[in-house]
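A quick write-up on the structure given underneath.
The values are calculated or read from the model by the stated rules, or taken from the named source; none is laboratory data. Keep in mind it's a predicted model, so treat the numbers as computed, not measured. So basically every Cβ, Gly included, is an ideal-geometry build from the backbone, and we count neighbours across all protein chains shown.
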Amino acid sequence: MLHFIMTKPLSVFRMLAPVAALCILSLYSQVPQSDGAGVEAGVLPAHWIAGGPKCMEESEWQIHEYNADLYILRESGCTHYEKPFLYVIFGNDKATLINTGAGQNDIGRVFDQVVEKWLKRKGRESIQKMVIHTHGHSDHIAGDPQFKDRKDIEFVPFDIPSIQKAFSITSWPESVGTLDLGGRTLEVVPVPGHHSTDVAFYDKRTGLLLIGDTLYPGRLYVTYWDQFEKSIERIVRFSLKTAV
Ligand SMILES: [Zn+2]
């Protein structure tokens, strides 16, 4: 992983403010709750595993049920210091895993386990499985080899042509694409800058905007500054347009 730390001009902070206020994500702040606007409610856990200090006692994954059709997986810091968040989102036809984690993990087994439990709960035999990414940094793709050669998985590599094809993004990075999971469509917004391949996933059903490493409450790492500024403008416009 290669990050460049850059000084952020005030203009970017001004641009970030409305995004943070509207939606950003999720893991550190309240997300939209069911208020009659058709947004499906969910809950966040009281706390996330962080990595020890007693690693023998801590699970390698925290599997959190945000609601019956959306799960947040937190990889333990005992496995890898980046302790990333991953997501499993279910539609009627597809279950998609967003990112494959960091270090030597067993995300293949965990994804299968989540899908199997969901199928049992729903009284179903099967669902198509898919693996996608927010971007290509090593702490989000380390588990890719566990999926690449599986016949039962639709695996989307993180190069831009593959991303455009999978999400029908006609013009990178200006166009917004979609991912149809069956009765549930994610909108896919290109937001390169932190990495060359960043995309944000907007789930209209829950009102969650999963934005990867592009924005979070901490030091931001920007590799392509010109692209980053345009991406922030793009995601602010998108958020204002689609806010629930
Ligand atoms: Zn990253």
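Before moving on, here are some points about what is shown:
- Any hit, segment 174-188, residues being buried (at least 22 other Cβ atoms within 10 Å of the Cβ), within 16 Å of the ligand (Cβ to nearest atom) and modelled with pLDDT of 95 or more: no
- Within the option set Val222, Val189, being closer than 18 Å to Thr170 by Cα, touching a helix residue (DSSP H, G or I) at 6+ places or on another chain (Cβ under 6 Å), among the aliphatic types (A, V, I, L, M) and touching a residue at least 40 places away in the same chain (Cβ under 8 Å) holds for one residue only, Val189.
- Residue in segment 75-89 that is crowded, with 22+ Cβ neighbours inside 10 Å and among the charged types (D, E, K, R) present: yes
- Inside segment 128-146, residues that are part of a loop (DSSP other than H, G, I, E, B) and surrounded by fewer than 20 Cβ atoms within 10 Å (Cβ to Cβ) make up a count of 1.
- Residues that are away from the ligand (no atom under 13 Å from the Cβ) and of a type in the set (Asp, Glu) within segment 209-244 comprise Asp226, Glu229, Glu233, listed in sequence order.
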